[in-house]
Structures are given as C-alpha cells and as structure tokens.
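Trainee: Would you mind keeping the following structure in view while I ask a few things?
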Amino acid sequence: MGSSKRRAADNSRGGSSTDHLHTLLQRLKHALSLGTTRVSDDKERKWKCTDLEIQKHVVRSLAAFLDSSSGHASTHRLLKDSLADIVEALVWILHCKSEAIVGMAVNVVVKLVSSNSSMMQLYLTDLINPLSSLLCSNNLEVATSCATALNMVLSNLSVKREKQVWEIVKEAKTLIQIIRIIREFPGVTQPIENFQEMVSLLYTILWQWPPSRYFVWKDTILIKVLEDSHIKSHLSTKVAVLKLCSALALCNKVAKELLGNGETILTMMISCMDVSEPLAVRIEGFRLAQHLVADEQRCIKMTSLCSGPLIKAIIGGMRVWRLGSGKGVNDLVSLLDEACRLALITRWPGEHHNHFWEQGIDKVLLDLLLENFDKQASEHTLTPQAPISIAQQGLDTNFLIALRPYIWEIFGWLAVHCRKDFRPSTDRTELYIDMLITCACLSFVEAICKGCQISENDDTSRSESSSRAVLVMMHSSSTYIASKVRLILSGVLEIKGNECLKRLLYLLDYGSSANNFGSANIPKTVVELVCLICYSGLPEYQKNVTRGDGIRTLVTSIRRCLSNGVCTSRRSFALHFYHNVFYERTCCWMTAEEWEGKDALLFYSLWGLAELVQHSSDTDHSHIKSNLIKTVQEVLDNVSAPGPRWLAANILSYFGVYGFPNKHDKGFGRALEDKEHTDLQLLFANGESVSVHKIILAVQCPSLLPPEQFPQSAKTTDNFLVKDVPRKCCPMLRKEVRFSARVDQQALLKLLDYVYFGYVEAGEDLARKLKTLAKSCNMQPLYLMLCRKIPQWGTPIPSSDFTDALGPLGFQFADIILEAEETEKMPWACSFCSLLLPHMHAHKFILQSRCKYLQALFLSGMQESHSQSIKGSCELGSINQVSSIDL
C-alpha cells in the first residue's frame, strides 16, 4: 500500500516536472518570436533584434530551460524543433557584443553545447566566428568564458567536419588571437584562469589541426612564455602547458627540434614525471615523453641525453601501485597505464636496456603481475613444482589484469635485446625472472586452452602478448633466457602438452579452411600459430608437430595472405601496443615499416613454416616441395618488410638457395658478362680468372679488394683528399689479384654470384665451403643464411644501396662526371676536385645498370657515350636515387 502511494507521488512529481519544462519552452519560443523578422518578401524568417531587453529575455529564458532540463529524458525531443532558432539568436547576440548581455550569452552557449553535443553538430560551426571575435574582449571574464565555450565547440566536432572548421578558424584568425593573448600574459594583470583557458583552447586546436603546430612552435616568444609559466605556476597550469607541448610533439618536425634543443624540454619533462609531483602532472609528463620517443631515431636521441633519469622516472611510475595507498584508484591506474606505455621503448635496442635491468625492472613487472609474491614465496618451500603453483594462484586472482599485455610486451622486448652473456646478477633477480617466465608459460597454455573461445579484443590481446613473449624469449640472444624458457615450458606442458598440441593442430587446420579463413578469425589464428612455433622449439614435441599436414596448412595460409590483398596487422588486435589516438593525429611523419610487416598472419605463417621445414625430413615435404618454393618466392617478389623476407630466405636455404632472389630486380648479374667496364681481374691458382668491378667489391665485399685499393686506408692520407685532382678522370688501369690454392675457386665464384645477383644456389658440400669463405670475408647476412639460422628480431635486410659509391669510398673508381645545368649561382665545393660547378663523380657501369635512359645513351655510339663528363638538366638528387635503389 505504502509503495503504491510512493509510486503515485513520483509519477505526480515527474508529470509536474515535464509540465514545468513545457512552460519554460513556451516562454523561450515566445522570447525568440519577438526577435524574428521576415527577410524581404520571402517567406524565410531570420532572428535579428537589436533590442537589449529582448536579447536578455531570450538568454534568460534559454538559461532557465537548460537549468531545469538538466538530466531530463525529454530535453532533446523538446529542443529539437527550436534549435536552429536558438543558435541563430545566440549568434546574433554574440555578434552585437553588448557588455550587458554577452557574458550571459557565452555561458548559455557552454551549457547548450555541453548538454546537447550530438544535436548541436549541425550548428557548431555557426558559433566559431562570433566566439573567436570575443576572445580579445576587455572584459576578462567574457574572454575566459569565450575560450571555454570555443574549446567546447571545437572539442565536440565530428571528424568529418574538421576540414571545414579549420577554414573557419583560419578566416577568423582565431589562432593568431590566442597566441597574442598568451604572449601578453606576463606583462598584464589577469586571472590565471584566463591563461589556462587560452592554453587549453590552443591545445585543442593543435591536437585537431596539424597545420597549426609548426606555426605555433616557431613563435619563440610564445614558447618562452609557456616554459616560464610552467616553472612558476601551479598544478592546473602545469598540466595545461604539458598537454600543449604533447600536442606540438605530434608533429615529427617539431618533436625533432624539441629534442634538438633538448635541455629545457627534457628537464621539464623529467621533473614532471618525478614521484614528488601530483598524479595529474606526472600523467601528462609521461604522455609528453611518449610523443617525443615515438620512433627509434627519436628514442635513440632522447636516451642519449637522459637515459638514466628517464628510466628511473618510468620505474617510479610503474611502482606507483605499491606506493599509492590512500590515493584515487582511477588516477593510479591511469598513471600505471602511461608509465607502461612509455616502457615500451624497450622494443628498440640501446643503452636504456641496461638501465631498466639496473633499476630492477624484473621485480617491478612481477609486482604488477602477482600480488604479494614475496609473502607467498616466503610461506612456501620452493620445491620444483612450487613456482608453478604460486604463479597459477597469482594469475587466477586477475590482479591488475588490464596491464598484463604491457607486462608481456615489455618483458619480451627485454629478452629480445639481451646480450648473449646476460645472466641475473643475484639469486633474487634469478627468482624474479624465472617467475616471470613461469607466468608467461602458464598464460601460454591458457591461450591454447581458450582456443576458439577467444572472442573479445582484451582476451585476444592478453593471449597474443603472453604467447608472443614466450616465442621471442625462446629465440632470445641470451643463452640463459632461451634455455630457461624451454626448460620451464617443458615442465608446464608435462601433464597435458600432447593434448594441447592436438587441439592446437585441429584449430589451425579448422581456421585455415576456406570457409573459416577471414579477418574475424585471424587474431585467433595468429595466437595459434605463435603457440605452434613455440611447440616446434621443444625437441620432445617436434615429431608430432611435423607429422601430418602442418606444412601444407601453412603454405595454404601464406598463399591466401598473398592473394586476398587484405592485411591484418598486429595493430588491429594488439590494442595495448597500438591503440592510441596519438598515432591517428601525427603529422610530418614517414613511419618506417615494422620489422614483421603489415600482415601478422603472413609473418607468423612464414615463421611457423621455417620451424617446420627445419625439423622435418625431405619426405615430409616432398609432395608439396614445388608449391612451397613457388609460394616462398612470391613472398620475396612482393613483400618489402624485412621480417617476412628473412623468414622466406631462411626457408629457401633448406632447398639450396641462399639470399633474396627477386624477379623484379636481377641486381648486377649481367655485369659479370660485361668486360668493358670491369677494372679488376681475380686470378686463381689454376690460371683461370674472372673480371669484376672494384666499386661493386668496395661496397659489397671490400675484403676481396687489394689492401692498397681499400679506400679506408686512403681516407687518412693527404694524397686522397687533394683539391687539385684534374677535372677529367684518369683512365682506369686494369689490376690483378692472385689467390693461392687454399682459396676454393668454386666457393669464390659463388660468393661473387651473391655479391652481384643478391643470392646464390649451392649444394650442401659447396655451401659448407662457401660458409667458411663468407665468414672470412665478413659477409654476415650470407653466413647467417648458410648457417640456416632464423635472424634476431630487427635484423635488417642486406642492402645494395650504392649511395656510398658517390662519396670517398667510390671516388677513386669513378669514370664519369655528371654536371648539373646551372640555373642560378650557388656556392659549390667538391672534396675531390677543383671543379666549381655542381657535379658528382659517378660510375658508368652503375648508371647504365640502374637507368635505361643512361644505358641507351652510353650504348648509342654518340659523342656523349665516350665523354668523361655529361652535362644535363637533371637535379643531382636524382643521381642519388639511381645509386640507392635496393636489390
């Protein structure tokens, strides 16, 4: 009975509230009607009213309606029909700039936009111009409110309207006005709130519109004001200035210049990340650091300037959970997230790895993974099975589970870039590392058990990151980590390893079938492939892995990746690593392709195939040998990423092909037949010889050059860098190099095939001799392929970039001068001769091998074909391009 009365009372109040809203809306419509006038004889009506009282009446009526409708479900429905009139009236009132009403009007704009952002999308652009014109109001309260309102308008824009709005912002000179106001701040007395709102508005513009960033950065007075205000001001201003610097660093050019002038910005950034600063300041400090180290070159630059303090700050941020009792949980998690994101600089090699180990990264990661590990370890007798039990119990609590992908990512990269002789420095460190490996192996087994149950992105991300960490640890350059992870994984799999493998092979076969091959299943298939590769690294499972149709399944998967034209990159499902709005907002950026490439499924299918071919016999793949080789060759012909190309080359090495054959580029192979431009003869003990090109050997295999021809020795002598070398190149004198009978002729000829063609074919016996020669000649990539070793992560593809041939290395072998057509006087000094015109010393042989036009010219028989200098209108940069094409 009582409850019925309460419901009746609630309904009564609800009805009363709706009635009141209707009354306020009618009052608002009436106020709007007072300022609406007909335009000429047209039926269209416009809101135009200079009567101050009517303007006040409209603003107050709208304010009353918005205040009463806050949180009311029917607000949008009631406002919808009148929204166009409301915005039109506000635009008119703002343009009038009446001091008696403009402040109220701006505050109403803030309320309207904040409470109805989706409905306001069509009208936001109308408000930008009048609000921009009020930023310079002498009434500081109005100016501050305008900055707030404009910030809200710009922040609520849909992405598709950004281009249109940027033109409006430029036309209204909004950016120039904001910069002027901030620059004047130190010289005038005004509330700090005004400065903060202006900085916040500038941040929004920089974040959304890349063309604004370099313009703002080049204003040195503004930047100085921001630096000074950061030092002198309180919390809110520090946060605003840090956010502004982060937005500037979205521009690659600005970020490089910030690091170039590194002392000020890096000192400010490191101090903001310190444990003594409030959480909000530390969070923004970490975000700024992430933007500044967003690629390998910038990471190298920053860590060269402040590696120790930077890593100390990162470790401090990752320890915040242990030290943060009594603080807001959400803020702590946000700081942890940003610190872990920044710790992903471990994906690049460098001195900072040593600092991470010195700062106890192993203990920090374990503390984020297992709650109270030290207490549990002290309560257990550490039998062989105890670590597995402790780890499983800890993982089952789901402690800070959202951070696990970061933990595996960081630990995996630390393992990738470890030194070969790396070992834990203390018994305690060894325990922490072993526990981390144990947790990764348990998560690996869980990933297999989940199998096709993985459906959510966070599940995929956790499964992928943990299994991938196990994989890269098994291939770590550190003997300790690689052997330890194999030992622990074997122990974890001891009970149900074969059962998991059987399930894994079934899932892979099922996922690769035509009906199930699609983007929706690819993340799960990637996880399964990673797990299969790990299994193939354990001797006790290798027979079961290679038995059956594993090789056929992987070849089919690779062919589908090459033919379907759709790449599923790791970025699409490793959300912990890539899911960051930062990557969508950068500018002036030439992003280098990831080592593993754009197609995760292709990469791991190739890695899996490389492992299976390695551990299988000829009979295991004889039935699909031709299809396998053809498929792998297609990878080399069509994929540019280093990782897939290395794996393809590794697979081909088991079939007697060593290198990177490519149907699109035959290298300098034909030049071995060209006697005209050769300048060196290699003589064997049996009297036979082969003619070669010194410049090719100088760039590709300098060990074969006679010592007196090796340019390194010439560089240090005064004779080489003389300025008065004659303009015309001296005719090349044919030289001879004699090899003793100890040098295997066949092996040397095969080595030359690799130098000129980019690959070589050899049987097992000849390959063994060639391996010895390759090692002696320091041909490391060839030696690696002859050893049939999967390269370390990040190993670059051997390049036939001949840009060095245009410098001191190749000058003594040059046989032609290319002179650019002089369009205007410009200073020019050559390191090798006295010619004052812009020119380059080049090599006919390389030019005609790389450029069909020059090839036709040199073979034409015309006067220019025999000249030692050629004049032309092409820019010298294009010659660089001709010489730098990779094989």
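Trainee: For residue 83 and residue 48, FRET efficiency with R0 = 22 Å and r from the beta-carbon atoms, rounded to 0.05?
Mentor: 0.75
Trainee: If you don't mind, another one. When only DSSP loop residues count, what trypsin sites (Lys or Arg not before Pro) in the stretch 166-229 have their Cβ near at most 12 other Cβ atoms within 10 Å?
Mentor: Here the trypsin sites (Lys or Arg not before Pro) that fit, given the DSSP loop and packing criteria, are 218.
Trainee: Ranked highest first by average number of other Cβ atoms within 10 Å, how do 289-296, 330-337 line up?
Mentor: 289-296, 330-337
Trainee: Mind giving me the nanometre distance, one decimal, between the label points for residue 654 and residue 582, set 7 Å out from Cα along Cα→Cβ?
Mentor: Output for this residue pair reads 4.0 nm.
Trainee: Under a point spin-label approximation (7 Å from Cα along Cα-to-Cβ), what is the residue 495-residue 569 distance to one decimal in nm?
Mentor: The answer from the label model is 4.1 nm.
Trainee: Here's something else I'd like to know. Considering only protein heavy atoms, with the full assembly of protein chains and a 1.4 angstrom probe, order 264, 346, 619 by accessible area, largest first.
Mentor: Descending accessible area places them as 619, 264, 346.
Trainee: While we're here: Quick check: residue separation of residue 125 and residue 502 times 0.36 nm, minus the Cα distance between them. What number comes out in nm?
Mentor: 129.7 nm
Trainee: Peptides 848-858, 638-648: what's the order by average Cβ count within 10 Å, highest mean first?
Mentor: Descending mean neighbour count gives 638-648, 848-858.
Trainee: Also, I was wondering about something else. Where does each of 593-600, 765-772 land if you order them by average Cβ count within 10 Å, highest first?
Mentor: Going by the mean number of other Cβ atoms within 10 Å, highest first, we get 593-600, 765-772.
Trainee: Moving to a separate point now. List residues of the stretch 520-537, by number, whose backbone nitrogen lies under 13 Å from a label position 7 Å along Cα→C-beta of residue 562.
Mentor: none
Trainee: Please go through the residue pairs 420/769; 256/484; 256/694; 48/170; 253/363 and name each one whose alpha carbons sit more than 32 Å apart in this structure.
Mentor: 256/484; 256/694; 253/363
Trainee: Restricting things to alpha carbons, find the Rg to Rh ratio for the stretch 171-330 using the Kirkwood radius for Rh.
Mentor: Here Rg/Rh amounts to 0.98.
Trainee: Please find the FRET efficiency linking residue 593 to residue 487, where r is the Cβ-Cβ separation and R0 is fixed at 41 Å, and quote it to the nearest 0.05.
Mentor: Plugging the Cβ-Cβ distance into 1/(1 + (r/R0)^6) gives 0.70.
Trainee: Contour minus end-to-end for residue 33 and residue 638, with contour as 0.36 nm per residue of separation and end-to-end as the Cα-Cα distance?
Mentor: That pair, residue 33 and residue 638, stretches by 211.0 nm at full extension.
Trainee: If you don't mind, another one. Report the accessible area of residue 22, computed with a 1.4 Å probe over the heavy atoms of all protein chains in place, in Å² rounded to the nearest 10.
Mentor: Counting only protein heavy atoms, the figure is 70 Å².
The values are calculated or read from the model by the stated rules, or taken from the named source; none is laboratory data. No experiment lies behind these values; they were computed from the predicted model shown. Note that each Cβ is placed from the backbone with ideal geometry, even for glycine, and that neighbours are counted across all protein chains shown. Quick note on the areas: whole protein, heavy atoms, side chains included, nothing else; ligands and nucleic acids left out. Shrake-Rupley method; radii C 1.70, N 1.55, O 1.52, S 1.80 Å.
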